[in-house]
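There's a structure below that I have some questions on.
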Ligand code: ADP
């Protein structure tokens, strides 16, 4: 930035020439007229005009030159009252000094503002890269953990005597599924960060939700949660990016499981997919956890808002971005079972409900 500015200064010869001409003219008028005419105050105009093109030190040098010329004119002037000349010269020198001081302060303030602006845009860049990294880490953490767990289980099945090859084969299939999902999720997040539109195609939301529930069955069972799954028959296909919507379902299910972790009461996860004309197809994920906190509605979908010690506060922010990018809506409310209820509505393919 500084380099660019100084190059611009060197490349434009007109202002220094114009300044020199103006100073020579002021010097001539100041010398030729008598003491009563304080032509030297016009040096302030030269300083003001030149200040934006000069560094702080150059402004001081220019002001010193103007003061020297003012004094020289004073000694060379022959006509008029000497006392008036002293006063006018003093006023001119004072005006030149004040103008140079204010000009250099103005330039320093402008430089500070420019630097602050540069810093802000650097911070904005770093923050968006940081947010993308955090989002990717958040979204692939779960498939990676699942891959590690399946890998461990596979080793155990193979280590049995005789090895349980059928079980080992199933864990390997799960590893492949999770790895493919992680790779698809990263790909979609990267295209989202590049501002690309989602790959919207008609698909069966019920089947897509069913796949995620199957993937999450271990966590649901381990947490002692009863699953209440209801998928309407003959659902019209929705128009959205299947991978992105599955990501949203996964986030909502995991949040519900985590919300119920500390509940002593019966734990139930209710997942329902139904057609709700004219809005579209609706997915509801309800739990019997503690429900949304009083301040949650304001922050729930904001990035980095979390009430969990290990939370990142990105799951719902990413979910909202994905749902809205696919022309849908996501909302949260109090569930009838006392917990939270998240509702996602997606448009039907072809516009028919
Ligand atoms: P994280 O799970 O990392 O905290 P999220 O964006 O997924 O990030 O969630 C943000 C916050 O929303 C959570 O910390 C929690 O306070 C609240 N929340 C999300 N889902 C539920 C739920 N099912 N029940 C109660 N609170 C929830």
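Which one of these is within 21 Å of residue 17 (Cα to Cα) and in contact (Cβ under 8 Å) with a residue 12 or more places away in the chain: 80, 56?
Criteria check complete, one pass: 56.
Let me ask you something else. Would you tally the residues in region 191-215 being assigned to a helix (DSSP H, G or I), at pLDDT below 85 and either under 17 Å from residue 148 (Cβ atoms) or touching a helix residue (DSSP H, G or I) at 6+ places or on another chain (Cβ under 8 Å) (or both)?
Qualifying residue count for the region: 3.
Of the numbered conditions (1) crowded, with 17+ Cβ neighbours inside 10 Å; (2) assigned to a loop (DSSP other than H, G, I, E, B), residue 78 fails exactly one; give the number of that condition.
(1)
Identify all residues within region 265-298 that are in contact with a strand residue (DSSP E or B) (Cβ under 9 Å, 6 or more places away or on another chain) and within 11 Å of the ligand (Cβ to nearest atom); write none if there are none.
Listed by number, the residues that qualify are 269, 285, 286, 287, 288, 289, 290, 291, 292, 296, 297.
Hey, another quick one. May I ask you to verify whether residue 344 is assigned to a helix (DSSP H, G or I) and either under 22 Å from residue 265 (Cβ atoms) or in contact with a helix residue (DSSP H, G or I) (Cβ under 7 Å, 6 or more places away or on another chain) (or both)? Break it down into steps so the answer makes sense when it comes.
Details: assigned to a helix (DSSP H, G or I): no; either under 22 Å from residue 265 (Cβ atoms) or in contact with a helix residue (DSSP H, G or I) (Cβ under 7 Å, 6 or more places away or on another chain) (or both): yes.
Criteria not met by residue 344.
A further question on this structure: What residue, among those in region 299-342 that are within 12 Å of the ligand (Cβ to nearest atom) and over 21 Å from residue 138 (Cβ atoms), is surrounded by the most Cβ atoms within 10 Å (Cβ to Cβ)?
Ranking the candidates gives 339 first.
Can you tell me which residues in region 275-295 are part of a strand (DSSP E or B) and either buried (at least 23 other Cβ atoms within 10 Å of the Cβ) or modelled with pLDDT of 95 or more (or both)? Give the derivation first.
Quick first cut of region 275-295, residues part of a strand (DSSP E or B) only: 275-276, 280-286.
280, 281, 282, 283, 284, 285, 286 - these are the residues of region 275-295 that are part of a strand (DSSP E or B) and either buried (at least 23 other Cβ atoms within 10 Å of the Cβ) or modelled with pLDDT of 95 or more (or both).
Does residue 256 count as away from the ligand (no atom under 16 Å from the Cβ), touching a residue at least 60 places away in the same chain (Cβ under 8 Å) and surrounded by 15 or more Cβ atoms within 10 Å (Cβ to Cβ)?
no
Given the structure, is residue 238 over 22 Å from residue 143 (Cα atoms) and under 36 Å from the mean Cα position of the chain (by Cα)?
In short, yes.
What residue, of 159, 224, 262, is within 16 Å of the ligand (Cβ to nearest atom) and loosely packed, with under 15 Cβ neighbours inside 10 Å?
262
The values are calculated or read from the model by the stated rules, or taken from the named source; none is laboratory data. Please read these numbers as outputs of a predicted model, since none were measured by experiment. Note that we place each Cβ from the backbone using ideal geometry, even for glycine, and neighbour counts take in every protein chain shown.
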